[in-house]
1. Could you give the size of the charge dipole of the stretch 216-296 about its Cα centre, using +1 on the Cβ of each K and R and -1 on the Cβ of each D and E, expressed in debye and rounded to the nearest 20?
2. Determine ³J(HN,Hα), in whole Hz, for all residues of the stretch 542-555 in sequence, where each value follows from phi through the Karplus function 6.51 cos²θ - 1.76 cosθ + 1.60 and θ = phi - 60°; x replaces Gly and Pro.
3. With the alpha-carbon atoms as the only input, what is the per residue convex hull volume for the stretch 202-329 in Å³?
4. If ligands, DNA and RNA are left out, what is the accessible area of W385 with a 1.4 Å probe, given in Å² to the nearest 10?
5. In whole Å, what is the distance between the alpha-carbon centres of the stretch 527-603 and the stretch 330-393?
6. Report Rg (one decimal) and Dmax (nearest whole number) for the stretch 139-292, counting Cα atoms only, units Å.
7. Treating cross-link reach as a plain straight distance, find the lysines whose alpha-carbon is under 24 Å from the alpha-carbon of K208, omitting any fewer than eight places away in the same chain.
8. Taking amide H positions as placed in the peptide plane 1.01 Å from N, state which residues far from T305 in sequence (5 or more) or on other chains have amide H under 5 Å from it.
Amino acid sequence: MNKIICYLVLIFPFFGFSQELITNVPNRNTTSLNGKWNYIIDPYETGYYSFHLDAFDQQKDFQKSAFFNNYHPQNKQELVEYDFDKSPTMTIPGDWNSQKENLFYYEGTVWFKKSFDYDLKENKRLFVYFGAINYKAEVYLNGIKLGIHEGGFTPFNFEISSIIKEKDNFLVVKVDNTRRKEAVPTINTDWFNYGGITRDVLLVEEPKSFIQDYFVQLKKGDKNTISGFVKINNFDKTSEFVTIKIPELKINYKGKINAEGIVSFEITNKKIEYWSPETPKLYEVLISFKDQTLKDNIGFRTIETNDSKIVLNGKPVFLRGISIHEENAKGGRANSEADALRLLTWAKELGCNYVRLAHYPHNENMVRLADKIGLMVWEEIPVYWTVDFTSPETYKNAENQLIEMITRDKNRCATIIWSMANETPISDARNTFINNLNAKARTLDDTRLISAALLTKSEGLHSYVDDPIAEKLDIVAFNEYLGWYGGNLDDAEKIKWTSKYNKPVVVSEFGGGAKQGLHGEINERWTEEYQEYLYIQNLKMIEKIPNISGLSPWILVDFRSPRRMLPGIQDGYNRKGLLSNDGNKKKAFFVLQEFYNQKTKQN
Ligand code: GCB
């Protein structure tokens, strides 16, 4: 049995204490810690707090403050009332809700433990990497606290080189998915709050000084120049050069590393074949530093706006999209490559060239697959509805999630839009919050477009967007629910949309619920016919919106949401999917498919 003693290594001020993110983890030297992990359900956080609610690992005066311990000043004895190794197991990666019936609606703390051996050679370093944990993770290895991470959908890593032993390491993670007002997202969403270690856990082995991160994309507005940077972790100056090779383009670039361990580069090449949804060309890129060579498959394309048009590789493009939540066939958080393939294959079948990955960063394998099969991507952070816009901590948290998303996916050419928020209510605090995120995103990546899903205003049959943050966005995107949350479907063609922004417009959502297999008249809600008619009418209206440059209706597949409780119809699912959660197509699927067929022919 592992007893867990933890020291307070650092006093952490609040959140986000993981270390600098290592990117392109799928192509590194890794050992998977996926599989069966022991778990302990701990709703009262007995493993974290004393009986007087002192957090064990926040005790400055008590050097070896015990974790999972009965500590209070009179009683410094370890807790004996637990045993990880005799506790049940569950599969990691995986949410606990869909794996364990008694945890279906559970929101709180679960402790996880994995034991492993590792033979780390003298000249190597080791990191533990988590693809995502929802929501708050506190990580301990061999009783030593590595740090905390907040945010349920982005990766983080900790170095463990000095802690790892050859035998019997035990990695313990406290996972807490409690919804909190000041968190991102806040307490109120329209999706299921799956808790757990929902993405891969990997050990990443690296040399002492290694390639941590890089940015290799076409320079903004320049189809013949690949530019970016390579960043060396712990640059030891024993070698001063990085090489970037793209064999197919005969590129062999050598760049000198600066004192900060960074090489900034520009490489001109006139032979680049551009990535597009029709020809998703990826090049093998090899980045080398000393003995290390890191491989990636990277596509090159430009994405810009020109007044009211979205322009891909110099040509206007119409975004034939669909919104997607990250859920699998079993009604749990999707995490595998097979899950990604299932979802994106349907999007392709629909005739899409674009997907909106709502409402949080999806698994990296989703974006990599989009690169490979040719789908443009909108990625977003969960600044959804009413996060606490007045709180500087909430802002820091949102910005941290933005940084982690962009850091992870900035080399995926499929991603053309970073979205800052969804349906947030206008106020000075909110405007500042989102404008600041927008500015931050541009400092991290000036090659992509920035947007946010906005709300609309209506006066009679006149609809429009009037939102101060739109001025600073590249694309004016909005959600509209004609025929579901108001309005009359028969008015669809009479509605006059105006736009005061000379920018492309994207309808980031529209839709309505239907229970697959339920049939009736076009005016009977929840029938496939109602949803079909809703699509027919909304599409007629959308075609006439000035500057319309794309759409991503809501949504590809029915998804779980505790807000959706209508018995016999919803039963805990948002039914706006074009497919049911078990994968059956509804009539509206074919309406959108036909619309996209026509669009493809026109363009
Ligand atoms: C919206 C939200 C989305 C919801 C959807 C609905 O506007 O952006 O998260 O799920 O409406 O079904 O109401």
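The values are calculated or read from the model by the stated rules, or taken from the named source; none is laboratory data. All of these numbers come straight from a predicted model, not from anything done at the bench. Using ideal geometry, Cβ is built from the backbone for each residue, glycine included, and neighbour counts are taken over all protein chains shown. For accessibility, only protein heavy atoms count, side chains too; no ligands or nucleic acids. Shrake-Rupley method; radii C 1.70, N 1.55, O 1.52, S 1.80 Å.
1. 220 debye
2. Using θ = phi - 60°, the values come out as 4, 4, 9, 5, x, 6, 4, 10, x, 7, 9, x, 9, 7 Hz.
3. 166 Å³
4. It works out to around 50 Å².
5. 17 Å
6. Expressed in Å, the Cα Rg and Dmax of the stretch 139-292 come to 20.7, 55.
7. Partners found: K121, K124, K145, K165, K167, K231, K237, K245, K254, K256, K290, K295.
8. Answer set, sorted by chain and number: V311.
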